[in-house]
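The values are calculated or read from the model by the stated rules, or taken from the named source; none is laboratory data. Please read all numbers here as calculations on a predicted model, not as lab measurements. So basically every Cβ, Gly included, is an ideal-geometry build from the backbone, and we count neighbours across all protein chains shown. The protein model used for the area step is the full one, side chains on, heavy atoms only, and it has no ligands, DNA or RNA in it. Shrake-Rupley method; radii C 1.70, N 1.55, O 1.52, S 1.80 Å.
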Amino acid sequence: MILCVPLQARTNSEALSLLRQIRPHADVVEIRIDGMKRPDLSRLLAEQPESLLITNRRHQEGGRFKGDEQERVRLLQEAVTLGAGYVDVEAATDLAFLQEVKGCIERHKPPGAAGRDPKKQTRLILSWHDFEGTPSTQSLRRRFRSMAAVGADLIKIVTFARQPEDNLRILELIPYARNRGQAIIAFCMGPLGRPSRVLSCLFGAAMTFAARNRWAESAPGQLTVDEMRRIWEILVS
């Protein structure tokens, strides 16, 4: 079970300080560079870049990046060249820009083993968020199939839980994806979505997210790292 802890900072110095604090408690650290004024990726990815996820979230999907799309995608490509373990690209990104990121990943595959060493190759996360609710099972499956057709290492589908049963619909998507050979991240946001955050990895999701503390959540309904690990320990013991 891979636990990813988001990091939000305004400056490179602040990000590096938080990174040192978070790393011992996380399998992967997501650095949200969309909230940084001038992200220096060469500094941020100087050590253990394979354990870092770089996200440059579009304003339309809850992010804070204020530049144009070309610059936003350029920073993600730079992260690839510097060896980031993961980059997150929204499914709504223009296909030409998305293909540029995929091409950059292909060009920077490490030699040997067909370039598929998971510790060295940047993995593409293709993401989609619904901040209003959780669509029907049929709609979620259609969304998944359209994203899977693009080609990505991981598909990330995150919705907002308006009622408890929304957790079940999003969790059902995980075996649906795995049966089709696609790694997936899927859970619900919001207070009612907390069960899916806990259970998603137990259902076979590739990763889930938790905040470093209760004041640092990057999305509504995140549990803390300590809470998540305590619950997992109880559930699997």
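Somewhere in the stretch 218-225, is a residue farther than 18 Å from residue 141 by Cα, assigned to a helix (DSSP H, G or I) and either open to solvent by 20 Å² or more (accessible area, probe 1.4 Å) or of a type outside the set (D, E, K, R) (or both)? Scanning the stretch 218-225 turns up at least one residue that is farther than 18 Å from residue 141 by Cα, assigned to a helix (DSSP H, G or I) and either open to solvent by 20 Å² or more (accessible area, probe 1.4 Å) or of a type outside the set (D, E, K, R) (or both). Among residues of the stretch 37-51 being more than 18 Å from residue 4 (Cβ to Cβ) and open to solvent by 80 Å² or more (accessible area, probe 1.4 Å), the one that is modelled with the lowest pLDDT is 37.
Of all the helices (runs of 4 or more DSSP H) wholly in the stretch 52-159, which have at least 2 residues that are hydrophobic (A, V, I, L, M, F, W, C), over 15 Å from the mean Cα position of the chain (by Cα) and surrounded by fewer than 13 Cβ atoms within 10 Å (Cβ to Cβ)? If you could, list the steps in order and put the result at the bottom.
Details: elements: 69-81, 95-107, 137-150.
Those helices (runs of 4 or more DSSP H) span 95-107.
Among (1) surrounded by fewer than 19 Cβ atoms within 10 Å (Cβ to Cβ); (2) more than 26 Å from residue 60 (Cβ to Cβ); (3) within 16 Å of the chain's Cα centre (by Cα), which single condition is residue 165 missing? The failed condition is (3).
Reported count of residues in the stretch 4-25, each being surrounded by 13 or more Cβ atoms within 10 Å (Cβ to Cβ), over 17 Å from the mean Cα position of the chain (by Cα) and of a type in the set (D, E, K, R), is 1. Only residues that are out of contact with any His (no Cβ under 8 Å at 6 or more places or on another chain) and among the polar types (S, T, N, Q) were counted across the stretch 65-85, and they come to 2.
Going residue by residue through the stretch 137-145, is there one that turns out to be closer than 26 Å to residue 27 by Cα, out of contact with any strand residue (DSSP E or B) (no Cβ under 8 Å at 6 or more places or on another chain) and of a type in the set (S, T, N, Q)? Spell out the reasoning first.
Keep residues of the stretch 137-145 that are closer than 26 Å to residue 27 by Cα, which gives 144.
Okay, now just the ones that are also out of contact with any strand residue (DSSP E or B) (no Cβ under 8 Å at 6 or more places or on another chain), so none.
There is no residue in the stretch 137-145 that is closer than 26 Å to residue 27 by Cα, out of contact with any strand residue (DSSP E or B) (no Cβ under 8 Å at 6 or more places or on another chain) and of a type in the set (S, T, N, Q).
Criterion applied to 202, 192 was being in a helix (DSSP H, G or I) and either over 27 Å from residue 84 (Cβ atoms) or touching a residue at least 40 places away in the same chain (Cβ under 8 Å) (or both), and the one residue passing it is 192.
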